[in-house]
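To start, the structure itself, in structure tokens.
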Amino acid sequence: MAKEEPLPSVEGYAPVKKTVSLLTANILSIVFTLVPIAVGVVLIHYMVPDAHIDNLRFRVLIILLALAVGIVVHELIHGITWLLVTHQTFRHLHFGFMIGNPYCHIDTPMSKLGYVAGALMPLFLLGVLPYVLSIFAGSYLWMLIGSIFIGTAAGDILIVWAIRKEPSSTLVYDHPSEAGCYIYHPIEEQ
């Protein structure tokens, strides 16, 4: 669990906490994994009729290895994207586990667009891209790997969904110890 750090103050802005339930995120990760698998199997079957799964034990080993490496890469993608957006150094990133779930936290407020880009980048690079390519290649293995990484992004999707109605000018600070963030709203001048 991440240690609680003081919330940064941003002149002229007041923070509002936006978090999501890790239980909900974990349940949705199962759904977000199984649905793409079902759709992918049907699409590959009809688009690439000669596709087949061979050497199942070897494929399971590859999937487990991809999952182990991919979880680390998933969190690094969050961090690297946020570093590019905020122009900060690696010392502003913090990695760990939150109730068994790996996380990456950056201790710098950023634009909503930058936060969303960092939150969703692993979904696209590790999930959607391999999944889409697998359909055209007729690869059940890559379809399964893409589906798994779509599922691992369920919490990220929930967080982005929670802030979807916030104005694009909003500042966002990644929550250090819960799944979510703080939204900084401008304080109205009286």
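For residue 99, the requirement of being of a type outside the set (Gly, Ala, Ser) and surrounded by fewer than 17 Cβ atoms within 10 Å (Cβ to Cβ) is met. From the residues in region 75-117 that are touching an Asp or Glu at 6+ places or on another chain (Cβ under 9 Å) and under 18 Å from residue 25 (Cα atoms), which one is modelled with the highest pLDDT? Applying the filter and picking the extreme gives 78. Looking only at region 132-155, residues that are touching a residue at least 60 places away in the same chain (Cβ under 8 Å) and either over 27 Å from residue 83 (Cβ atoms) or of a type in the set (Asp, Glu) (or both) come to 11 in all. For region 137-154, a residue qualifies if it is over 18 Å from residue 68 (Cα atoms) and part of a helix (DSSP H, G or I), and the qualifying residues are 137, 140. Selection over region 140-181 of residues that are farther than 23 Å from residue 129 by Cβ, under 17 Å from the mean Cα position of the chain (by Cα) and of a type outside the set (Gly, Ala, Ser) gives a count of 8.
When residues in region 105-120 are screened for being surrounded by fewer than 21 Cβ atoms within 10 Å (Cβ to Cβ) and outside any helix (DSSP H, G or I), 3 of them pass.
Within region 73-102, can you find the residues that are in a helix (DSSP H, G or I) and farther than 20 Å from residue 157 by Cβ?
83, 84, 86, 90, 91, 92, listed by residue number.
The values are calculated or read from the model by the stated rules, or taken from the named source; none is laboratory data. Not measured: the values here are computed from a predicted model. Cβ coordinates were reconstructed from backbone atoms using ideal geometry, including for glycine residues, and neighbour counts include every protein chain displayed.
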